[in-house]
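Colleague: Here it is: the structure, laid out below.
The values are calculated or read from the model by the stated rules, or taken from the named source; none is laboratory data. Model, not experiment: these values are computed from the prediction. When we count neighbours, we look across all protein chains shown, and the Cβ atoms used for this are built from the backbone with ideal geometry, even at glycine. Areas reflect the complete protein model, heavy atoms only, side chains present, ligands, DNA and RNA absent. Shrake-Rupley method; radii C 1.70, N 1.55, O 1.52, S 1.80 Å.
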Amino acid sequence: MNGIGIDVSKRQLDVGTTYGETLQVNNAPSGFAELDLWLREHPAGQIVLEATGGYEQLVLDFLHKTGYPVVRANALRARKLAQGLGQMAKTDRLDAYALAKMAALVKLHSYQPLEPWQQEMREFVRARRQAMHALTVARQQQEMVGNREVRRLLQANITCLQKLVERLGKRIAEQVAQQPQLAVLKSMKGVGPALQAVLASYLPELGKISGKAIASLVGVAPMSHDSGTMRGKRSIHGGRAEVRQVLYMASMSALQHEPRLRDFYRSLRARGKEAKVAIVAVMRKMLVILNARMRDAQSGPIPA
């Protein structure tokens, strides 16, 4: 099966097939039209783009809307596949070829665009996360300064960022309140508007796939590291960091207020599990429960 890979940068798209054919177009509507004509002459089972911090979003939506079977792949996964195929060098065209090989060899989940309200919510969530990061940096900057005048000037920046974080948080809470289907998530203590918004905008698969799959998607499922009779230490890696970060904070709150999760954590600690391992287990259990509740809410009441 022919596969097509697209390496995305801010200004251009490098396209490649498993047969070695290539194309380079602008990452803009004019380039998308040229790409469409080229793709019609090069049919493929899958088209794979790698996630590049948002630069892929416009072409991704264009390809989906046009009807192509397009997938957004994890960049690290694509790079490891390229290395496994013996491709150590890295250029845009070589990356496109590696993505084309992934498209031909691995059946991936097709891209499904977010609903307009999810897209809007994601922008607010991203802006709040960036503002919180900037606030942390600003506070660290002030701690390094001894001059009173400079500290006062830096404090003005800190105050401005604090107000921005607060305003964005209020707006996110309003958006969450406008989506009644998210109310079921509040049934678990520790789940507030911040986590609801992140799950809705960064994990639209919630309630649509199995608990095991959702845990793997977020990156809280332990991965085996065994060989022969050796049993290595399980660990987590990969997944959606945006979800995992907020889920961690929510799990810390749930440990204090949700009896089921608190007892689960204590039982793990009593069995000798490290605190970090137990917390990750709580995150996983919390996510699986929320996934089941969202699934049940979406399926509606069972007919009598």
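Colleague: Does the range 72-172 come out rounded, prolate or oblate, given a ≥ b ≥ c as the square roots of the eigenvalues of its C-alpha gyration tensor, rounded meaning a/c under 1.5 and, failing that, prolate meaning a/b above b/c?
Modeller: Oblate, because a/c is 1.5 or more while a/b does not exceed b/c.
Colleague: Continuing with this model, one more query. Starting from the Cα of Arg167, step 7 Å toward the Cβ, then list every residue of the range 175-198 with an amide N under 19 Å from that point.
Modeller: 175-176
Colleague: In debye, nearest 20, what is the charge dipole magnitude of the range 5-150 about its Cα centre with +1 on Lys and Arg Cβ and -1 on Asp and Glu Cβ, if you could check? All intermediate terms of the calculation are to be shown ahead of the outcome.
Modeller: Details: 18 positive and 16 negative charges, 110 e Å.
So the magnitude is around 520 debye.
Colleague: Apply the Karplus parameterisation 6.51 cos²θ - 1.76 cosθ + 1.60, with θ equal to phi minus 60°, to every residue of the range 133-146 and state each ³J(HN,Hα) to the nearest whole Hz, in sequence, with x for glycine and proline.
Modeller: Per-residue couplings from phi come out as 5, 4, 5, 4, 5, 5, 5, 5, 4, 5, 5, 8, 10, x Hz.
Colleague: Taking the Cα centre of the range 24-93 as origin, work out the dipole magnitude from +1 charges on Lys and Arg Cβ and -1 charges on Asp and Glu Cβ, in debye rounded to 20.
Modeller: Around 360 debye, computed over the range 24-93.
Colleague: Related question: What is the sum of charges, Lys and Arg at +1 and Asp and Glu at -1, for the other residues whose Cβ falls under 12 Å from the Cβ of Met283?
Modeller: +4
Colleague: May I pose another question? Gln12's amide H: which non-local residues (gap 5+, or another chain) put their own amide H closer than 5 Å, with H modeled 1.01 Å from N in plane and none for Pro or chain starts?
Modeller: Close amide H contacts, sequence-distant or interchain: Asn27.
Colleague: Hey, another quick one. What residues from the range 92-117 fall in the zone where the backbone N is under 19 Å from a label point 7 Å along the Cα-to-C-beta line of Lys212?
Modeller: 107-109
Colleague: Pull out the extension gain between Gln142 and Glu21, defined as 0.36 nm times the separation in residues minus the alpha carbon to alpha carbon distance; nm, one decimal.
Modeller: Stretched fully, the Gln142-Glu21 segment lengthens by 38.2 nm.
Colleague: Separate question: Mind checking which of Pro116, Pro204, Pro193 has the largest fluctuation in a GNM of the chain, springs on alpha carbons under 10 Å?
Modeller: Pro116
Colleague: Another one. Between 0 and 90 degrees, rounded to the nearest ten: what's the tilt of helix 75-84 against the longest Cα principal axis of the chain?
Modeller: 50
Colleague: Along the charge dipole of the chain, pointing to its positive end and built from +1/-1 on Cβ of Lys, Arg, Asp and Glu, which listed residue (Ala275, Ile158, Pro43) has its Cα farthest out?
Modeller: Ala275
Colleague: Can you give me the Cα centroid spacing of the range 54-88 and the range 1-48 in angstrom?
Modeller: 11
Colleague: Still on this structure, please answer the following. Compute the length gained on full extension between His42 and Glu174: take 0.36 nm times their separation in residues and subtract their Cα-Cα distance, giving the result in nm to one decimal. Kindly include the intermediate steps, with their values, before the conclusion.
Modeller: Details: separation 132, 0.36 × 132 = 47.52 nm, distance 4.61 nm.
Additional length available on full extension: 42.9 nm.
Colleague: Projected onto the charge dipole of the range 84-133 (+1 at Lys/Arg Cβ, -1 at Asp/Glu Cβ, origin at the Cα centre), which of Gln118, Leu85, Ala96 gives the Cα projection farthest towards the positive end?
Modeller: Leu85
Colleague: How many Å² of accessible area per residue for the chain, probe 1.4 Å?
Modeller: 58
Colleague: Please work out the Kirkwood hydrodynamic radius for the range 29-115, using every pair of different C-alpha atoms, and report it in angstroms with one decimal place. It would help to have the intermediate numbers written out before the result.
Modeller: On the way: mean 1/r = 0.0738 Å⁻¹.
Final number for the Kirkwood radius of the range 29-115 is 13.5 Å.
Colleague: Hey, what number do you get for the chain at 222 nm if only DSSP H runs of n ≥ 4 count, each worth -39500 (n - 2.57), divided across all residues, to the nearest 500? If you can, show how the numbers build up before the last one.
Modeller: Details: 11 runs with 176 residues, N = 304.
-19000 deg cm²/dmol, from helical runs alone.
Colleague: Can you compute 3J(HN,Hα) from phi for each residue in the range 41-57, using the Karplus curve 6.51 cos²θ - 1.76 cosθ + 1.60 with θ = phi - 60°, rounded to whole Hz and x for Gly and Pro?
Modeller: Each residue of the range 41-57 in turn: 8, 9, x, 8, x, 8, 10, 10, 10, 9, 5, 10, x, x, 5, 8, 5 Hz.
Colleague: Which of the peptides 169-180, 262-273 is most tightly packed, and how do the rest follow, judged by the mean count of other Cβ atoms within 10 Å per residue? All intermediate terms of the calculation are to be shown ahead of the outcome.
Modeller: Numbers: 169-180: 15.2, 262-273: 13.4.
Top to bottom by mean Cβ count within 10 Å: 169-180, 262-273.
Colleague: If a/c stays under 1.5 just call it rounded; otherwise compare a/b with b/c (prolate if a/b is bigger, oblate if not). Do that for the range 236-301, with a ≥ b ≥ c from the square roots of the Cα gyration tensor eigenvalues.
Modeller: Cα axes put the range 236-301 in the oblate bin.
Colleague: Relative to the Cα centre, what is the charge dipole magnitude of the chain, using +1 at the beta carbon of each Lys and Arg, -1 at the beta carbon of each Asp and Glu, and rounding to the nearest 20 debye?
Modeller: Charge dipole, the chain, about its Cα centre: 1680 debye, nearest 20.
Colleague: With θ set to phi - 60°, apply the Karplus curve 6.51 cos²θ - 1.76 cosθ + 1.60 along the range 184-197 and write out the HN-Hα couplings as whole Hz, x wherever there is a Gly or Pro.
Modeller: 4, 5, 6, 5, 9, 5, x, 9, x, x, 4, 5, 4, 5
Colleague: Along each of its three principal axes, how wide is the spread of alpha-carbon positions in the chain, in whole angstrom units, largest first?
Modeller: 59, 58, 51
Colleague: Could you tell me which of Met286, Ser253, Val25 has its Cα farthest along the dipole of the chain towards the positive end, charges placed at Cβ (Lys, Arg +1; Asp, Glu -1), taken about the Cα centre?
Modeller: Result: Ser253.
Colleague: Any of Lys65/Lys170; Lys212/Lys276; Lys208/Lys276; Lys107/Lys208 with alpha carbons more than 24 Å apart? Name them for me.
Modeller: Exceeds cut-off: Lys65/Lys170; Lys208/Lys276.
Colleague: Full extension from Gln119 to Lys186: what is 0.36 nm times the residue separation minus their Cα-Cα distance, to one decimal in nm?
Modeller: Taking Gln119 through Lys186 to full extension adds about 22.0 nm, to one decimal.
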